[in-house]
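Reviewing the structure listed below.
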Amino acid sequence: MTTTDDTPADPALSSLRRARDRFFSGRPPGDGIPEDLAQAWRRARFFGVPRDLATPPRIRPPLDSPLLAAARPVLDRVAPTLSGAMGLVLVDSRCRGLWSSGGRYAGTPTPDGMAGLDLSERAVGHNSAALALRTGRRAEVHGPEHFLDLWQEVSAVSVPLYEPTAGRPAGTVTVVAPLGEGRTAHPGAALAEAAAHAIETELRGRARPPERVLLDAYLRQRADGAAAVALDGNSRLVSPEAARLLSHETLARLERHATALLRDADTGPATGPAMGPATGSAMGPEEHAPEEIPVPGGEILVPGDEIAVPDGAGLTVRMTRLVHGGEVIGAVATVCTAARRARSAERRGRDRLPGLMGTSRPWRLTVSRATELARAAEPLLLIGEPGVGKTALARALLGLRGTAAPRVVDAAEQVPGEVPRWCHALAELPEAGAESEAAAESDGGAPPLLLRHAERLGQSDVAALLSLLAERPAVPLVATHTPGTPTGPCLSRLLDILAARSVTLPPLRERVEDIPALLAGLARRPSPGRPPLTWSLDARRALEQHTWPGNVAELAHVVREVAERRRATGPVRREELPYGLRVPPATRRLSGIERAERTAILEALRRHGDNKARAAESLGIGRATLYRKLRAYGMDQA
């Protein structure tokens, strides 16, 4: 998947509308309009696209689309997270609509949604999906840039989906939203990138045998400039750089260690006499951090120790297990020089925010975007479901500026009238300009403010904040917002103002590859003499299959509960997890009533400590009926 940086501010929307009107009246659109946009309009007119088209033309959709089959599980998870009037659209390489949810991108909703609608440039003119397919890069099209009148109040961002082997786009995933006040970066760009990455992961996982997976991991290490060796217990691939640095004896030892890793995969990292114990890592092959690394293609790298070898001064080798489809299929060893390790350490210190855990693509995109916005002393809005980590991210972002600790205000706990008082105090402080910002901070300028639960603000509090933002648009404010509750007109106006600089955090179910790192970070420091809390592969699989409605906060609760209840030693097993987490997902598609019944049973078992007799009594059914339903829903093996 290839992406581009956010497009810099092009002509304002009003200028684009005037240029579009001139174009349709037969006059040149003007010098201030990008030439590629003017050419797109001309192509649509050449193709005979009517500007007043009521709905895109319908064509026959593909009967069996591998792209839709791979994308459907991802889209079904992403669609419920869409906020407001946002929509999600999937098209294939011919720009035929395959699937859609929400939004107003196609005008009047049809019974089949977007399935079978022709969104090609020849049919509907300039649009983000056609542009992304043509350029092979992320594309944004806002309001009047569209050719059709139908989409003048719509903003869309499309990310191409690349085929696993052909290297060309198989389609695009598009997030649509109502047009904002200005031609700013699309609010759903991070969501589109994350969904595209997850769909490509599904495509690769369905398309490639283990041998190809191992080869791709080896080639990725070589592309990063590392001297690499790939091993699967039967054969090995050695890069010229590694062959030059390592002796035959060391290569043979690496092969023996890889065989041990494959043999002991179900019980954790192997310990070889020559190589030493393996430990977790969450960074690249030459970096030190905990737990697993997700990589393109749906595989997981599980690094071990960095081991000194006698072949050269300052050389070390890191053995990395490659997990594909839940099984260890091989290992990649990378040779690290002292200079390479120093560069990696310097890069980590520059790019990472303290206190945050996770290396998944959705999380990295979110943190990167938020970090970029937080460098300016202007309001920032963090949006997300309960428990996704909005407050933790806000504290880390405010710490970037090196000022005093932020003032934390929780709208859910505020005394009436308190918010207007601190808004008035902030408005009276001298505002720091570009030249005197550092001096103002040292003299006690406006302190950074963290406002939690903006959705719980009262009307008078919202009015005070609106007045503050009108007087001081650059007030150093970071607010968190949890969508889902009805908002009045005043609060909607406040959120609209803050939305120009907003970031949406991905839910945990969209970044399950971060769960191993989160498990390590959320565990309490063990008491003296006790080993740290570790997790078996089977337990981690169970956690990754859970939907996590409470997100990271729910995971933290599970970690605390397991740590407090367990008396055994060694890695946590699946049997030690709460009942609702031990149960695998349903093996068949359930109806709405069946899903509700299954959820009620799980909740009753959790509430009564897995005691089936008490759970059945609380549900008003007999134990025999409960056991029958457990078998029917595939829950009897938990």
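The values are calculated or read from the model by the stated rules, or taken from the named source; none is laboratory data. The structure presented is a predicted model; accordingly, all values stated were derived computationally and were not measured. We place every Cβ from the backbone using ideal geometry, glycine too, and count neighbours over all the protein chains shown. Note: areas computed on protein heavy atoms with side chains; ligands, DNA, RNA excluded. Shrake-Rupley method; radii C 1.70, N 1.55, O 1.52, S 1.80 Å.
Going residue by residue through segment 470-480, is there one that turns out to be under 28 Å from L373 (Cβ atoms), surrounded by fewer than 17 Cβ atoms within 10 Å (Cβ to Cβ) and free of Cβ contacts under 8 Å to residues at least 40 places away in the same chain?
To start, the set of residues in segment 470-480 that are under 28 Å from L373 (Cβ atoms) comprises 470-480.
Restricting the remaining residues to those that are surrounded by fewer than 17 Cβ atoms within 10 Å (Cβ to Cβ) gives 470-471, 473-474.
Next, only the ones that are free of Cβ contacts under 8 Å to residues at least 40 places away in the same chain stay: 470.
There is at least one residue in segment 470-480 that is under 28 Å from L373 (Cβ atoms), surrounded by fewer than 17 Cβ atoms within 10 Å (Cβ to Cβ) and free of Cβ contacts under 8 Å to residues at least 40 places away in the same chain.
For residues in segment 605-638 being at pLDDT 80 or above and within 28 Å of P73 (Cβ to Cβ), which is surrounded by the fewest Cβ atoms within 10 Å (Cβ to Cβ)?
Residues of segment 605-638 that are at pLDDT 80 or above, as a first pass: 605, 611-632.
Narrowing the set further to residues that are within 28 Å of P73 (Cβ to Cβ) leaves 605, 629-632.
On the way: L605: 26, K629: 19, L630: 19, R631: 11, A632: 14.
Only one residue tops the list, namely R631.
Within segment 575-599, count every residue that is of a type in the set (A, V, I, L, M), under 24 Å from R540 (Cα atoms) and at pLDDT 75 or above.
2
Looking at segment 359-377, is at least one residue among the hydroxyl-bearing types (S, T, Y) and farther than 20 Å from V552 by Cβ?
Here is the first cut: in segment 359-377, the residues among the hydroxyl-bearing types (S, T, Y) are 359-360, 366, 368, 371.
Among the residues that remain, those that are also farther than 20 Å from V552 by Cβ are: none.
Checking segment 359-377: not a single residue is among the hydroxyl-bearing types (S, T, Y) and farther than 20 Å from V552 by Cβ.
How many residues does segment 66-82 hold that are open to solvent by 50 Å² or more (accessible area, probe 1.4 Å) and under 27 Å from P486 (Cβ atoms)?
Summing the residues that are open to solvent by 50 Å² or more (accessible area, probe 1.4 Å) and under 27 Å from P486 (Cβ atoms) in segment 66-82 gives 3.
Scan A38, A44, A19 and give me the residue that is open to solvent by less than 60 Å² (accessible area, probe 1.4 Å), under 29 Å from E163 (Cβ atoms), among the aliphatic types (A, V, I, L, M) and at pLDDT 85 or above. Before the answer, list the steps.
Numbers: A38 fails: under 29 Å from E163 (Cβ atoms); A19 fails: under 29 Å from E163 (Cβ atoms).
Every option except A44 fails the conditions.
Quick check, is D112 at pLDDT below 90, over 28 Å from D496 (Cβ atoms) and open to solvent by 20 Å² or more (accessible area, probe 1.4 Å)?
Details: at pLDDT below 90: yes; over 28 Å from D496 (Cβ atoms): yes; open to solvent by 20 Å² or more (accessible area, probe 1.4 Å): yes.
So D112 fits the description; yes.
Yes or no: segment 485-493 includes at least one residue that is within 30 Å of E564 (Cα to Cα), open to solvent by 50 Å² or more (accessible area, probe 1.4 Å) and either modelled with pLDDT under 85 or in a helix (DSSP H, G or I) (or both).
Here is the first cut: in segment 485-493, the ones within 30 Å of E564 (Cα to Cα) are none.
No; the residues of segment 485-493 include none that is within 30 Å of E564 (Cα to Cα), open to solvent by 50 Å² or more (accessible area, probe 1.4 Å) and either modelled with pLDDT under 85 or in a helix (DSSP H, G or I) (or both).
Quick grid of which residues meet (1) assigned to a helix (DSSP H, G or I); (2) closer than 19 Å to D149 by Cβ:
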site	(1), (2)
S14	yes, yes
G26	no, yes
L37	yes, yes
D52	no, yes
A79	yes, no
G84	no, no
L88	no, no
V91	no, no
W99	no, no
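Counting only residues that are of a type in the set (K, R), assigned to a helix (DSSP H, G or I) and in contact (Cβ under 8 Å) with a residue 40 or more places away in the chain, which one in segment 496-555 is most open to solvent (accessible area, probe 1.4 Å)? Write out each step before concluding.
First pass over segment 496-555, keeping only residues of a type in the set (K, R): 501, 509, 511, 524-525, 530, 540-541.
When the remaining residues are screened for being assigned to a helix (DSSP H, G or I), the result is 509, 540-541.
Subsequent filtering for residues that are in contact (Cβ under 8 Å) with a residue 40 or more places away in the chain retains 509, 541.
Working: R509: 48, R541: 86 Å².
Checking each candidate, the answer is R541.
Taking the residues in segment 60-77 that are over 15 Å from G171 (Cβ atoms) and touching a residue at least 60 places away in the same chain (Cβ under 8 Å) as candidates, determine which candidate is farthest from the chain's Cα centre (by Cα). Break it down into steps so the answer makes sense when it comes.
Keep residues of segment 60-77 that are over 15 Å from G171 (Cβ atoms), which gives 60, 63, 73, 76-77.
Right, trim to touching a residue at least 60 places away in the same chain (Cβ under 8 Å) and you get 73, 77.
On the way: P73: 15, R77: 12 Å.
Selected residue: P73.
From the list E241, E181, E211, which one is modelled with pLDDT of 80 or more and of a type in the set (D, E)?
Details: E181 fails: modelled with pLDDT of 80 or more; E211 fails: modelled with pLDDT of 80 or more.
One residue alone meets the criteria, E241.
I need the full set of residues from segment 329-345 which are modelled with pLDDT under 75 and either aliphatic (A, V, I, L, M) or under 29 Å from L508 (Cα atoms) (or both), in order please. Walk me through how you get there before you give the answer.
Taking segment 329-345 and keeping what is modelled with pLDDT under 75, we get 337-345.
Scanning segment 329-345 gives A338, A339, A342, S344, A345.
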